[in-house]
Amino acid sequence: MAQKTSGEFEKEFMDALAGSTGKDLATWLKTIDGFNSKKRNEVIAWLKSEHGFGHMNASLLAGIHANGGKPVYASTGDLLEAQFSKAADMRPLYDAFVSFITKNFPDATILPKKTYVSVLENREFGAANIKTKELRIGLDLGDRPFDETAEKAKLTGPMPRISHMVVVDDAGKLNSDLVALLKESHGRCH
């Protein structure tokens, strides 16, 4: 069974909003406009406590509101391009990373999210943050000790189980050592 993308979840949520809550998206956006805070976490908490939303749906609605009423996850291409807005020079290294993943994990999906790129095969086993001078490749390595190869993760976006990261600042670091770490992460997740 194919895993749904964030865009598919968001579209399903938007399509079902009026039927499940009695208010369409435009009405909800106006309701949020009337709330006394524009801080996303406060809006989410308010939607949950005052309007009975579950966390995921409250997060989706708050995100759409913060995005000017437009879907946040409609296009994974747009999500990826937004990540390159401050790191355009990293495109060749990112492309090399995508080729590296495709070669070594042919069943993996590379899925851009809002703040990072997910590497998954049913479950996320890797993640990448695109920074101005490096890619941070996140891994689920549990309680493996941190060392010069795999340091403590400092990534924006992925699940907390992404515990370690490898900093890649040139394509030569996309090597067999990284394959071994990704395989270890994949094994932990599957």
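Residues that are within 18 Å of T76 (Cα to Cα), among the small types (G, A, S), within 12 Å of the chain's Cα centre (by Cα) and in a loop (DSSP other than H, G, I, E, B) do occur in segment 156-163, at least one of them. If we scan segment 60-80, do we find a residue that is closer than 30 Å to K173 by Cα, free of Cβ contacts under 8 Å to residues at least 24 places away in the same chain and in contact with a helix residue (DSSP H, G or I) (Cβ under 7 Å, 6 or more places away or on another chain)? No: zero hits. Would you be able to say whether some residue in segment 178-185 is free of Cβ contacts under 8 Å to residues at least 12 places away in the same chain and over 30 Å from I64 (Cα atoms)? Checked against the condition, which is being free of Cβ contacts under 8 Å to residues at least 12 places away in the same chain and over 30 Å from I64 (Cα atoms), segment 178-185 yields at least one hit.
Given the structure, is G172 assigned by TED's automatic domain parsing to the domain that holds F100 and at pLDDT below 95? Taking the combined requirement at face value, the residue does not satisfy it. Candidates F97, F13: the one that is surrounded by 15 or more Cβ atoms within 10 Å (Cβ to Cβ), assigned to a helix (DSSP H, G or I) and in the same structural domain as D169 (by TED's automatic domain parsing) is F97. Here the condition is being within 24 Å of L111 (Cβ to Cβ) and not assigned by TED's automatic domain parsing to the domain that holds K133; of A58, A87, it holds for A58 alone. Limited to segment 102-138, what total is found for residues that are charged (D, E, K, R), in a loop (DSSP other than H, G, I, E, B) and more than 12 Å from the chain's Cα centre (by Cα)? Number satisfying all stated conditions: 4. Anything in segment 47-85 that is under 13 Å from G7 (Cβ atoms) and assigned to a helix (DSSP H, G or I)? List them, or say none. Correct list: L60, G63, I64, T76, G77, D78, L79, L80.
If L141 meets every condition in (1) surrounded by 14 or more Cβ atoms within 10 Å (Cβ to Cβ); (2) outside any loop (DSSP other than H, G, I, E, B); (3) at pLDDT 95 or above; (4) not polar (S, T, N, Q) apart from one, which number is that one? (2) is the only condition that L141 fails. Determine the pairs where a residue that is of a type in the set (D, E), located within segment 89-112, has a partner that is at pLDDT below 95 with Cβ atoms under 7 Å apart, the partner being 6 or more residues away or on another chain. Matching pairs, first to second residue: D107/E121. Scan segment 162-173 and tell me whether some residue there is within 18 Å of L80 (Cβ to Cβ) and crowded, with 16+ Cβ neighbours inside 10 Å. Yes, some residue in segment 162-173 is within 18 Å of L80 (Cβ to Cβ) and crowded, with 16+ Cβ neighbours inside 10 Å.
The values are calculated or read from the model by the stated rules, or taken from the named source; none is laboratory data. Computed from a prediction, not measured in an experiment: that's the story for all the values here. Counting neighbours? That spans all protein chains shown, and the Cβs are built from the backbone with ideal geometry, glycine included.
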